[in-house]
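S.K.: What follows is a structure written as structure tokens; I'll ask about it next.
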Amino acid sequence: MTQSTQVNNKLSKKMGPWTPIPNDLFNRKEFIDLSTSAKWLFVVLSYHANRDTDVAWPGYKVIQEETGFAKQTVTDAIKDLKNAGLIYVSKRFGTSQLYHLRYRPP
């Protein structure tokens, strides 16, 4: 079993059978044009998001453990999601960040 498969199995067990992501998101050009890493990060952030506010706050370490991505890959994927308008990031306290998911066009 590869490391990637182990990471995906671990996350799949944690996430359960599904994570809600609106179907119309998959038809949006800005989502289609994203790298696979950015798309997967969006799924992970969706899993962690508060269902009422669409805000998630997993740390880099948690994201890295759940995706198997290197820190730079996480940083690049966050930048790609921000540039696509699918998330915006705000500071919480210290180095903690809040990821505000934007499922629908602004």
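S.K.: Out of the residues in the stretch 78-106 meeting the condition of being part of a helix (DSSP H, G or I) and aliphatic (A, V, I, L, M), tell me which one is surrounded by the fewest Cβ atoms within 10 Å (Cβ to Cβ).
M.R.: I78
S.K.: So which of T53, T75 is modelled with pLDDT of 95 or more and out of contact with any helix residue (DSSP H, G or I) (no Cβ under 7 Å at 6 or more places or on another chain)?
M.R.: T75
S.K.: Condition (residue is part of a loop (DSSP other than H, G, I, E, B), touching a residue at least 24 places away in the same chain (Cβ under 8 Å), at positive phi and touching a strand residue (DSSP E or B) at 6+ places or on another chain (Cβ under 8 Å)) applied to the stretch 68-77: is it met by at least one residue?
M.R.: No: the stretch 68-77 contains no residue that is part of a loop (DSSP other than H, G, I, E, B), touching a residue at least 24 places away in the same chain (Cβ under 8 Å), at positive phi and touching a strand residue (DSSP E or B) at 6+ places or on another chain (Cβ under 8 Å).
S.K.: Looking at this structure, is I87 in contact with a strand residue (DSSP E or B) (Cβ under 6 Å, 6 or more places away or on another chain), in contact (Cβ under 8 Å) with a residue 24 or more places away in the chain and of a type in the set (V, I, T)?
M.R.: Here the answer is yes, as I87 does meet what is asked.
The values are calculated or read from the model by the stated rules, or taken from the named source; none is laboratory data. Since the structure is predicted, the reported quantities are computational estimates derived from the model, not experimental observations. Note that each Cβ is placed from the backbone with ideal geometry, even for glycine, and that neighbours are counted across all protein chains shown.
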